[in-house]
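Remarks on the structure that follows.
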Amino acid sequence: GDEVLGNTPLDAIEVPCGTATVTLRHPRYETATVAANAAPGTLAAVEHELVRPTARLSLRSVPGGATFRVAGKSVGPAPARASALAYGTVLVEASLPGYVTWKKRVYVRSVTHEVNVHLKKAVRKKTFRLPFGGGSKKKR
């Protein structure tokens, strides 16, 4: 039946003999279902690596139209969508001509996550041309 056996690691618990389906649940991980087989007089072991769920990122920029990169891959102009592992960090970059490139490691808090970027205007360095006279003038 649907019986909760406890929290892992579980050591030396008694289970009925035969094949069973074991469901593993942990906050911030995908639920996993694995088959287990218990035989009389032997130890049964279940090993399974839990994985983080995939998150859907919603990417927006002010001003609009910035080109986004997530984990080094181009995802296109804003507004855009991308995927990343939930409950972890991912490098997000936004660039737009005439603006300073925005780059940050973002912690993805859930399976849906919004990244709103406010780009700053790039400061243009001013150059000055000085007249070049080619020599000094003599007084008479």
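When Arg69 is evaluated against the numbered criteria (1) more than 9 Å from the chain's Cα centre (by Cα); (2) exposed (fewer than 14 other Cβ atoms within 10 Å of the Cβ), which criterion, by number, is the only one it fails?
Result: Arg69 passes all but (2).
Taking only pairs six or more apart or across chains, which ones have beta-carbon atoms under 8 Å, a first residue in the stretch 1-20 that is over 14 Å from Ala35 (Cα atoms), and a second residue that is surrounded by fewer than 10 Cβ atoms within 10 Å (Cβ to Cβ) and small (Gly, Ala, Ser)?
Hits for this filter: Ile13/Gly6.
Which of (1) open to solvent by less than 40 Å² (accessible area, probe 1.4 Å); (2) under 30 Å from Cys17 (Cβ atoms) is the odd one out, the single condition Leu50 does not satisfy?
In the conditions (1) open to solvent by less than 40 Å² (accessible area, probe 1.4 Å); (2) under 30 Å from Cys17 (Cβ atoms), Leu50 misses (1) alone.
Output yes when any residue across the stretch 124-140 is more than 30 Å from Glu30 (Cβ to Cβ) and touching a strand residue (DSSP E or B) at 6+ places or on another chain (Cβ under 9 Å), and no when none is.
Taking the stretch 124-140 as the starting set, the residues that turn out to be more than 30 Å from Glu30 (Cβ to Cβ) are 124-140.
Next cut, touching a strand residue (DSSP E or B) at 6+ places or on another chain (Cβ under 9 Å) only: none.
No, the stretch 124-140 contains no residue that is more than 30 Å from Glu30 (Cβ to Cβ) and touching a strand residue (DSSP E or B) at 6+ places or on another chain (Cβ under 9 Å).
Would you mind finding the one in Ala55, Ala44, Ala35 that is farther than 30 Å from Val117 by Cβ and open to solvent by less than 80 Å² (accessible area, probe 1.4 Å)?
Ala44
State whether the residues of the stretch 78-85 include one that is over 30 Å from Leu119 (Cα atoms), surrounded by 11 or more Cβ atoms within 10 Å (Cβ to Cβ) and under 13 Å from the mean Cα position of the chain (by Cα). So that I can check it myself, show each step before the final result.
So in the stretch 78-85, the residues over 30 Å from Leu119 (Cα atoms) come out as none.
No, the stretch 78-85 contains no residue that is over 30 Å from Leu119 (Cα atoms), surrounded by 11 or more Cβ atoms within 10 Å (Cβ to Cβ) and under 13 Å from the mean Cα position of the chain (by Cα).
The values are calculated or read from the model by the stated rules, or taken from the named source; none is laboratory data. In this text the structure is predicted, and so the values were computed from the model without any measurement. Please note: Cβ atoms are built from the backbone with ideal geometry, for glycine as well, and neighbour counts cover all protein chains shown. We work out accessible area using only protein heavy atoms, side chains counted, and drop any ligands, DNA or RNA first. Shrake-Rupley method; radii C 1.70, N 1.55, O 1.52, S 1.80 Å.
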